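Have a look at the structure below, then the notes.
The values are calculated or read from the model by the stated rules, or taken from the named source; none is laboratory data. Given the structure is predicted, the values throughout are model-derived calculations rather than measurements. Glycine also receives a Cβ, built like all others from the backbone with ideal geometry; neighbour counts cover every protein chain displayed.
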Amino acid sequence: MAGPRAGDASGGEAGPEPAGGFEAAVTAVIGALSPGEVVTYGEVALEAGFPGAARAVGRVLAHSDGALPWWRVVNASGRLVPGHEADQSRRLRAEGVTLRPGGGVSMARREPGPG
């Protein structure tokens with residue numbers, strides 16, 4: 001699946017696409033997450049070099065057939081994946097993540113990784 005080019009989601013000029021393309025960049029960011037590390041779709045998009053492409057990150061995860069640790073990614077408010085809350089909360093708790101009462105994760109802003 002081809003993803004958006006850098007800058008497309010914000011309406012700006014398209015910049016150079018990171019080597020390997022959108023899907024490879026997103027896969028690398030998510031694959032590098034450690035157990036217990038939780039990020040937002042937007043943070044993944046930013047670290048992958050595609051700021052503003054949060055929805056496209058969700059599509060990559062949805063089509064990964066569980067090959068990626070999808071449970072470590074939540075929306076900007078910390079909400080769990082609709083329809084998969086029980087499985088996601090179970091997996092996150094097993095990794096030591098504390099969930100808010102009623103579900104969800106308290107999110108703190110992450111700094112983008114090197115690169």
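Scan segment 74-91 and report the pairs whose first residue is surrounded by fewer than 13 Cβ atoms within 10 Å (Cβ to Cβ) and whose second residue is part of a strand (DSSP E or B) and modelled with pLDDT of 95 or more, with Cβ atoms within less than 7 Å and a gap of 6+ or a chain change.
If the second residue must be part of a strand (DSSP E or B) and modelled with pLDDT of 95 or more, the pairs left are ALA76/THR40.
If I filter segment 32-42 down to residues being touching a strand residue (DSSP E or B) at 6+ places or on another chain (Cβ under 8 Å) and part of a loop (DSSP other than H, G, I, E, B), which single residue comes out as nearest to GLY21 (Cα to Cα)?
By that ranking, first place goes to LEU33.
Give the residues of segment 43-56 that are surrounded by fewer than 19 Cβ atoms within 10 Å (Cβ to Cβ) and either within 10 Å of the chain's Cα centre (by Cα) or part of a helix (DSSP H, G or I) (or both), sorted by residue number.
The answer is ARG55, and nothing else.
Of the residues ARG59, ARG90, which is under 17 Å from GLY36 (Cα atoms) and in a helix (DSSP H, G or I)? Walk me through it before giving the result.
On the way: ARG59 fails: under 17 Å from GLY36 (Cα atoms).
Checking each option against the conditions leaves just ARG90.
Take the conditions surrounded by 11 or more Cβ atoms within 10 Å (Cβ to Cβ), out of contact with any helix residue (DSSP H, G or I) (no Cβ under 7 Å at 6 or more places or on another chain) and at pLDDT below 95 and apply them to GLY104. Does it pass?
yes
Tell me which of these LEU68 doesn't satisfy, since it passes every other one: (1) of a type outside the set (S, T, N, Q); (2) assigned to a helix (DSSP H, G or I); (3) under 26 Å from GLY20 (Cβ atoms).
For LEU68, the failing item is (2).
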